Amino acid sequence: GDQGKQVHSNANSKAYKTYSKAEVSLHNKRADCWIIIKDKVYDVTSYVEEHPGGDAILAHAGDDSTEGFYGPQHATRVFDMMEDFYIGDLQN
Ligand code: HEM
């Protein structure tokens, strides 16, 4: 079901923003890589070189990576890891 809007704060009191698709699309390279997963935006720049799946994480850099992210290659622990990279929500 619809879980509604996420609260824009966490235990670290980070302030989160809302980003347009156009803005996210500017971050489409190895040295500046944002990905969208289920309408949330993740800055994975610091993780690109560490990613066990290598450059697969770049396949939809700056764009929707939901399908690749939920592929069979990812164990459930990845769902916890991703929170470290969350920077905000996609504007709707
Ligand atoms: C926040 C984003 C991501 C994180 C934290 C992440 C993390 C990981 C981790 C930890 C693994 C090793 C397997 C495991 O422990 O489950 C992995 C493997 C893999 N990932 Fe990602 N991943 C991310 C995004 C993506 C995206 C967007 C794709 C797009 C297709 C992708 C493709 C792959 C592939 C193909 C493998 C398999 C590598 C192999 O077994 O040879 N990942 N990822």
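Coordinate-derived values only; no laboratory data. It should be emphasised that the depicted structure is a prediction, and the values quoted were computed from it without experimental measurement. Glycine also receives a Cβ, built like all others from the backbone with ideal geometry; neighbour counts cover every protein chain displayed.
Observations, loosely collected:
- About the centre of its Cα atoms, the range 21-69 shows a dipole size close to 60 debye [charges on the beta carbon of Lys, Arg (+1) and Asp, Glu (-1) only; nearest 20 debye].
- Counting neighbouring beta carbons within 10 Å and listing from fewest to most, the residues L26, L90 come out as L26, L90.
- The residues packed around Y19, meaning those with a beta-carbon under 11 Å from its beta-carbon, carry a net charge of -1 if Lys and Arg are +1 and Asp and Glu are -1.
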